[in-house]
1. Mind checking which residues of the range B:48-64 are over 21 Å from A:Leu167 (Cα atoms) and either more than 18 Å from the chain's Cα centre (by Cα) or at the interface with another protein chain (Cβ under 7 Å from one of its Cβ atoms) (or both)?
2. Pick out the one residue from B:Asn304, B:Asn270, B:Asn235, B:Asn312 that is under 23 Å from B:Gly111 (Cα atoms), out of contact with any Phe, Trp or Tyr (no Cβ under 6 Å at 6 or more places or on another chain) and not aromatic (Phe, Trp, Tyr).
3. Please enumerate the residues belonging to the range A:226-285 that are in a loop (DSSP other than H, G, I, E, B) and over 22 Å from A:Pro169 (Cβ atoms).
4. Give me the pairs, please: first residue somewhere in the range B:270-291 and touching a residue at least 24 places away in the same chain (Cβ under 8 Å), second residue anywhere and open to solvent by 50 Å² or more (accessible area, probe 1.4 Å) and not in a helix (DSSP H, G or I), beta-carbon distance under 7 Å, and either six or more positions apart or on two chains.
5. How many residues, within the range A:441-458, are open to solvent by 20 Å² or more (accessible area, probe 1.4 Å), among the hydroxyl-bearing types (Ser, Thr, Tyr) and more than 16 Å from ligand 2 (Cβ to nearest atom)?
6. Could you please give the count of residues in the range A:156-187 that are assigned to a helix (DSSP H, G or I) and either within 12 Å of ligand 2 (Cβ to nearest atom) or over 20 Å from A:Gly206 (Cβ atoms) (or both)?
7. Out of all the residues in the range A:433-454, which are farther than 22 Å from A:Ser521 by Cβ and either over 22 Å from the mean Cα position of the chain (by Cα) or more than 10 Å from ligand 1 (Cβ to nearest atom) (or both)?
Amino acid sequence: MGTKNIFNEWGIIITLLLIALPIIVASILAIVKAKAIIKNYLEKKEQERFNNYVKDLTPIEVEKLEQRKRALEFALSNNELSGETTPIDNKGLIDNVSEVETLRFIEQKKKSQPRPYIEPELSKLIIWYLGCATFWLLFGTTVGEYLGIKFVAPDVDHYSWLSFGRLRPVHTNAVFWGWASLAMMGLAYYVIPRVSNVPIASIRTGYRSLILINVSVVLGSLFLMAGINNGGGEYREYIWPVMALFGIGVFISLRNFFKTIAKRTTKEIYVSNWYIISAMMFLLVIAVVAYWPSWQTGLGETVVQGYYMHQGVGMWFMLFNLGLMYYFLPQQLNKPIYSYSLGILAFWAQILFYTLIGTHHFIFSAIPWWLQTVAIVGSAGMIIPVVAGTTNFLMTFKGSWHKLSGSYTLPFYLIGIIFYFTGSLQGTAEAFRFTNLVWHFTDFTVAHSHLTMYGIICFMLWGFIYTIVPRLTGKEPPQITVGAHFWLALIGLLFYTFPLMYGSTLRGLMWMEGTKSFIESVELMAPYWLWRAIGGSLMWLSHILFAYNFYVMVKRKDKITVPTSPIDILKAKQEMDTQAQTN
Amino acid sequence: MEFFDNHKKLFRTALGLFVGLTLIVAIRPAINNQNNNAPLPNYEPLSEQAYLGKKSFIANGCVACHTQQVRNVDMDKIWGNRPGIAADYAGITRTDFWRNTATLMGTERTGPDLTNIGARQPSMAWNLLHLYQPRAVVGKSIMPAYPWLFQIKNKVGKDEVEVVVPDAYRKGINGKIIASQEALNLVAYIQSLKQTQLPNGKAPMEFLYKKKESPTGKKGSTLNLPDGKLLYTNNCMSCHQANGEGLKGAFPPLKGSPIVLGDNLELYVNIIMLGYDPRPEYATMNAVGTDNNLTPEEVTAIINHERTSWGNNAKKVTTEEVKKIMDFIKITTKK
Ligand code: HEM
Ligand code: HEM
């Protein structure tokens, strides 16, 4: 079996095709970007040449040009009829004309569009959510990077609190519940009131929920490092009182959102809200099922674990992010979503199939065979929502591809969407029984986790954050550091995952062959683990840049802008007057 | 659609669908599993010490790298004598008020599966040293070291267990390295991890995806024996080391060993099958051959590998000779 050519196995072929996809897209993106840069460069050169020409103009030539100019510009003065007095322009018909004053040689990327008014209070809340999320991203991935280093240098330290087994769940839980969850909820505080067209029901509740979740992650991390955990199930390592804080946090925000939607002034419920509200409801169900003690004896624990692990990622992170995508993508492209009903189909299909597939984490284990089969069938069924979702997003993109080269947020969206396709279908391929034989228990799973949680969820979240924070604060991040963030994260992710997938395939085949000892398979992985640490370092670096960009977007100090338009001047005067009154 | 414009109806429907499916694929199977499985008749619950050791295993997150499940596929054969079944886990209940059940099945095999480690590697001395510094016994290991489970003392007290650590790994330590109670508990837990025998007469499930049997030796010849080097690596190397030189103060060398090179085959086979402990300067060897169900062919292959490696140069033995001794051992130990 082991010696059979693995390239004849469907699961493997599909996976190879899938992982080729992001590379292709990344290459195209790189080419598009490079072209833009070259064009830029050529234009600059052109301008230099022009400048030199101008410098070298002789007085005679100048005189000639001026003559020509006068001839060209000759026109009537246009006030032959109206005289010299300024007209009264009550309706702003004359003064509101904007014009392009400067010739632009460097193509400016689109700045985020100014948006309708958002209450400053709400905008502060959202910034707090995103700020905390950024902190947990830095913390969580610093730990992740350190874990990666431990594979290469297992003796870097000997502190019990920092030992691998204790630190690993600190990493996974901090990036799950601290970074991704807080970022999603912060963004939901923006989206839900927007699409319901009413103010949020309660801003205070938002802060309460934020505090509860932060406390939960702080306590959870400390407990894990101190050796207090729930007993083994992945992402279920926080003990129940700690997880309860998180649950309550989500619950009160859910009620808050629900009340907001109930007050909506639009008739229909925009599909984003379907996804977001459902994700929050489902998370609570999942957490209760996972922590409730009466069905956890013996293998019951494992059945629940499979369910929990998968619903955690699929019904919380993925569903929530899809909801956000249905709002942000059309916004960013300035056009409606390609097909609203496809979004709804994907919604129901996702619930139907995703819920079934938890046990595919325990294929060939002592879990009932029928349940494993249901899981495998469900994994195949996932093709429906994934293809529906991807098609919908890409068709929305269609006709706006040119915007990619000029936008610093859209590349994040596109990569997120591509990984949504490959990452999810890769999961399907992994669930086939042959591929599972090769890959189960190896680092392939870890590569898959990062292709999805990182490639899909993180990239989408970054795209959304870069989209809204400038709208809230009016400050743009430096485009160069955003670009650096994007490329470091993407290249880092590829360095992290591809060698790992290759190495773990070799390792799995070695296990199947059975002619080498286990320790040789540990040795075999050494170079791939080193690559993982290298890729991880790039990713980590990109997060530092992201944090810096975030800081730039929210930092207090404003460049002083002197109001020029009558509206701004009046506003400034009004503000001054009210200040004078209150003082 | 009217229906979907009513937030209450919409969200109730979605929640209902999700909860319904959850009942079918998670809660009901979980409850069924829990109610319809009982521990096997000869299942031995953990001793108190082993139970404390398990808590330490949980606290240190060993499950991050070690699974405890033998799947019903051929490649998992090396981790147990039979595939795991639901009954194997049925005796595991909630840890305590704060903590959930810990079946510790795991999801990743960065390190070996531990389902049957109590049979494969029960040596106390090896396990303690391995916990203190895995690379002292397995050079290429990347497992974390757990030195905080050990204390440095000037004298070895009564009932205390000293760990003899090779010089390369005791930099800056002058005293004796003593295993703490927690380390001993942890080892007790490791030693307790053995697959329970199925009740008499019950055939275990088959391993699936079998490899084509590689032709094993015709009886009596030394040709076509299984791979002695691999068997040595899997069963002997962690103590006697890849270079056959053992570890000073813990595991004796096989290179140049009079027993390996000598003519007393009976003693040699006896040691492999039944263990050995007459020499106080070394740790106890467990009954490696019996614990791992080694066949006469396999024992012969190992012996021949040891007799002809690392500069050893002794005559190979035949399966017949070994089988005769093993049959005799079986009869005498039955009594
Ligand atoms: C600098 C970036 C990161 C590095 C270097 C890193 C590194 C690691 C390492 C070394 C592991 C342990 C793998 C093992 O036990 O074999 C791990 C596990 C994991 N990480 Fe990360 N990580 C990073 C970022 C993230 C992010 C941002 C997320 C999610 C939002 C994430 C999600 C996970 C998950 C889910 C696992 C468990 C994988 C599994 O069990 O299959 N990681 N990571
Ligand atoms: C206190 C927790 C742990 C305990 C009690 C433990 C126990 C063991 C035992 C008994 C073995 C020998 C298995 C055999 O010979 O078949 C082993 C091997 C191994 N373990 Fe662990 N382990 C723990 C934590 C870890 C962690 C966290 C890692 C991963 C980072 C790890 C990685 C390995 C590897 C790679 C091997 C194979 C090489 C070797 O024998 O050292 N272990 N472990």
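1. Scanning the range B:48-64 gives B:Glu48, B:Gln49, B:Leu52.
2. The match here is B:Asn235.
3. A:Lys263, A:Arg264, A:Thr265, A:Thr266, A:Lys267, A:Glu268, A:Ile269, A:Tyr270
4. Listed by first residue and then by second, the contacts come to B:Thr284/B:Asp277; B:Met285/B:Tyr276; B:Met285/B:Asp277.
5. 2
6. Within the range A:156-187, residues that are assigned to a helix (DSSP H, G or I) and either within 12 Å of ligand 2 (Cβ to nearest atom) or over 20 Å from A:Gly206 (Cβ atoms) (or both) number 16.
7. Passing the criteria: only A:Leu451.
Per-residue answers, yes or no, for (1) within 14 Å of another protein chain (Cβ to nearest Cβ); (2) of a type in the set (Asp, Glu); (3) touching a His at 6+ places or on another chain (Cβ under 9 Å):
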| site | (1), (2), (3) |
| --- | --- |
| A:Pro120 | no, no, no |
| A:Ile127 | no, no, no |
| A:Gly131 | no, no, no |
| A:Leu137 | no, no, yes |
| A:Gly148 | yes, no, no |
| A:Ser163 | yes, no, no |
| A:Ala174 | no, no, no |
| A:Met184 | no, no, no |
| A:Ala188 | no, no, no |
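The values are calculated or read from the model by the stated rules, or taken from the named source; none is laboratory data. The structure presented is a predicted model; accordingly, all values stated were derived computationally and were not measured. Note: ideal-geometry Cβ built from the backbone for every residue, glycine included; neighbour counts use all protein chains shown. SASA here: full protein model, heavy atoms, side chains in, ligands and nucleic acids out. Shrake-Rupley method; radii C 1.70, N 1.55, O 1.52, S 1.80 Å.
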